[in-house]
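Worksheet for the structure shown next.
No lab work stands behind these numbers, since they all come straight from the coordinates. Just so you know, these numbers come straight off a predicted model, no measurement behind them. Glycine also receives a Cβ, built like all others from the backbone with ideal geometry; neighbour counts cover every protein chain displayed.
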Amino acid sequence: MCIVGAGYTGLWTAYYLKGIRPDLRVVVLEAAFAGFGASGRNGGWVTAENIGARDKYARQPSGATGVRALEAALRATVAEIERVCGAEEISCDFVAGGRLAVATTPAQLARLRASLEEARAWGDGEDVLAFLSREELAGRVNVAGALGGLFAPHSARVQPASLVAGLAAAAEHRGVVIYEATPVTEILPSMATGGPGAVARTVFGDVRARAVLRCTEGFTARLPGARRALLPMNSSMVVTEPLDEAAWREIGWAGCETMSDEAHAYMYAQRTADGRIAIGGRGVPYRFGSTIDDRGETSPATVAALRALIRRLFPAAAAAKLDHAWSGVLGVPRDWCAAVNFDAGAGLGWAGGYSGHGVLAANLAGRTLADLVAGDSTELTALPWVGYHSRAWEPEPARWAGVHGLYALYRAADRLEGRAESARQAALAGVLGRVGDAISGIPH
Ligand SMILES: Cc1cc2nc3c(=O)[nH]c(=O)nc-3n(C[C@H](O)[C@H](O)[C@H](O)COP(=O)(O)OP(=O)(O)OC[C@H]3O[C@@H](n4cnc5c(N)ncnc54)[C@H](O)[C@@H]3O)c2cc1C
């Protein structure tokens, strides 16, 4: 078995596959090093939400029941990751503190209420998603200007690079062989290889296997034949120096909940184990032609925007120095719905397209890919994201214009919402946001 990409998706797949088929030879081919991609540089949110749109998954044969099963499986994955971290002694600062979504404008509050209503319509009770008043929220975290929030208990915080490093070691301990510095230049299905099995072509030679699994998420556009499958979207982060005790007394956040706001171009944040605030946002969303800047460099404008966000939301941290800034790339399907696919005949499989929410979902995807490759029909292989296909992204320049237009709309909507002094301004912001959602197909 050959897996391309040593991020969470590839490594979880390898780990579980060795668990259910210990005799199988499993190799992972990695262009750089294990955890080089988004898995080693994300916001550390282990969250069970936002991998796709309920109404789209509900069009699969399992219908609404399948959607509920998928959501329950995602929620249960928080405990599964915690279990493996314990069993494999992966120390990654795991704290299952839940997730907070915070509203800082009336429009954001209205969107939070709408998503709560939608969750209730799908049968989610208080144990899945609960509304927090301004006072209840302040009892957890003091966010300046917060009007209220939502709390979802099925979420945890991790140190992402420690998780992927520990996972690579655990997979190797089970007998998986990881070849680093081995870029795959092409993946060929069995019918095109003139022999048994599929092929992963590398600069060092071909690797032939019963199946080749593409676990390359944000980098997928570099592979021939997959250029328009997943859009490489950039995300950027900064982390403050450790804050002193007085600042933490002011901010609170003792529960280490992961946190986002409800802006269209939203931010995500965590309190790290060593007392810093790590916060991320979109920055430069996309580069023309799906080119990928994988050096992690972050523009001064993006750093300044994230610094301003820290000052606005956490005044007690306003004077804190920023110790690091970095960027990474994640994979977005045309309809923002993640998928797991395996074609036994062609000997090809892939999983991804988590649109910025893959830390938890990659574990479920990895377990599912492992079952599919092993030929086992399980509860996981019946979930509606299995066999789900999104259409391809538009060719350039439409793709570039669409994504940049979308984020220009979102930023304009957020600016207007932030200073909306009249009902007219608020209404205009609402229209801009909805136009953006309609163009992008982003589920809420
Ligand atoms: C800044 C940032 C913050 C994020 N924050 C969060 C968060 O807080 N919570 C959350 O759930 N998600 C978050 N995400 C998204 C999440 O990190 C990803 O969804 C997840 O890590 C995807 O894992 P993966 O294994 O599929 O892909 P990756 O981790 O990107 O791994 C793919 C691997 O494949 C390798 N590769 C690519 N092409 C080839 C090739 N041709 N040959 C060989 N190897 C190849 C790459 O080098 C890489 O190591 C964030 C992403 C970024 C960039």
Note, region 226-237: 3J(HN,Hα) by Karplus (6.51, -1.76, 1.60, θ = phi - 60°), whole Hz, Gly/Pro = x, goes 10, 4, 10, 6, 10, 7, x, 9, 8, 9, 10, 9
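Share of Cα-Cα pairs in region 291-398 beyond 20 Å, in percent? Provide the component values of the computation, followed by the final result.
On the way: 3406 of 5778 pairs.
Distances greater than 20 Å cover 59 percent of the Cα pairs.
If you keep only loop residues by DSSP, which GluC sites (Glu not before Pro) in region 135-218 have at most 11 other Cβ atoms within 10 Å of their Cβ? Provide the component values of the computation, followed by the final result.
Values: sites: GLU135, GLU136, GLU172, GLU180, GLU186, GLU217; in loops: GLU180.
The qualifying sites: there are none.
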Region 27-55 and region 284-353 have their Cα centres apart by a whole-number Å value of 10
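Placing unit charges on C-beta atoms (Lys and Arg positive, Asp and Glu negative, everything else neutral), compute the dipole magnitude of region 54-109 about its Cα centre in debye, rounded to 20. Intermediate results must be reported in sequence, preceding the final value.
Numbers: 7 positive and 7 negative charges, 98 e Å.
So the magnitude is around 480 debye.
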Between the residues GLY375, VAL207, ALA48, the Cα farthest towards the positive end of the dipole of the chain, that dipole coming from +1 and -1 charges on the beta-carbon of Lys, Arg, Asp and Glu, is from VAL207
Karplus-derived 3J(HN,Hα) from phi for region 295-311 (6.51 cos²θ - 1.76 cosθ + 1.60, θ = phi - 60°), whole Hz, x at Gly and Pro, runs 7, x, 5, 10, 5, x, 5, 5, 4, 5, 5, 6, 4, 4, 5, 4, 4
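If you put +1 on each Lys and Arg Cβ and -1 on each Asp and Glu Cβ, how big is the dipole of the chain around its Cα centre, in Debye rounded to 20?
Numbers: 44 positive and 45 negative charges, 200 e Å.
Computed about the Cα centre, the dipole is about 960 debye.
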Square roots of five times the C-alpha gyration tensor eigenvalues of the chain, ordered largest first and given in whole Å, equal 35, 23, 22
Contact order relative to length for the chain, counting C-alpha pairs under 8 Å separated by 6 or more residues, stands in percent at 23
Residues meeting the amide H criterion for GLU262 (H placed from the backbone, H to H distance under 5 Å, 5 or more places apart or on another chain) are VAL102, THR104
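Relative to the Cα centre, what is the charge dipole magnitude of region 285-444, using +1 at the beta carbon of each Lys and Arg, -1 at the beta carbon of each Asp and Glu, and rounding to the nearest 20 debye?
Roughly 800 debye, rounded to the nearest 20.
List MET1, MET191 from most exposed to least, where exposure is judged by having the fewest other Cβ atoms within 10 Å.
Numbers: MET1 24, MET191 10.
With the fewest neighbours first, MET1, MET191 line up as MET191, MET1.
At most 13 other Cβ atoms within 10 Å and a DSSP loop assignment: could you name the GluC sites (Glu not before Pro) in region 85-121 that fit? Intermediate results must be reported in sequence, preceding the final value.
Values: sites: GLU88, GLU89, GLU117, GLU118; in loops: GLU88, GLU89.
Here the sparse-neighbourhood loop sites are GLU89.
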Label model pair ARG249, ALA344: point-to-point distance (7 angstrom along the Cα→beta-carbon line) in nm is 6.4
Spelling it out for GLY352: with amide H atoms placed in the peptide plane at 1.01 Å from N, the residues 5 or more places away or on another chain with amide H under 5 Å from its amide H are ALA339
Helix 106-121 sits off the longest principal axis of the Cα atoms of the chain, rounded to the nearest 10 on a 0 to 90 degree scale, by 50
For the chain, longest principal axis from Cα atoms; helix 8-20 axis from its Cα atoms; angle between them, nearest 10 degrees, is 50
HN-Hα couplings for region 123-133 via Karplus (6.51, -1.76, 1.60; θ = phi - 60°), in whole Hz with x for Gly/Pro, come out as x, 6, x, 4, 6, 9, 8, 10, 7, 10, 5
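Express in nm, to one decimal, how much length is gained between ARG120 and SER377 on full extension, taking 0.36 nm for each residue of separation and deducting their alpha carbon distance. Spell out each step's value before the answer.
Working: separation 257, 0.36 × 257 = 92.52 nm, distance 3.10 nm.
Roughly 89.4 nm would be gained on extension.
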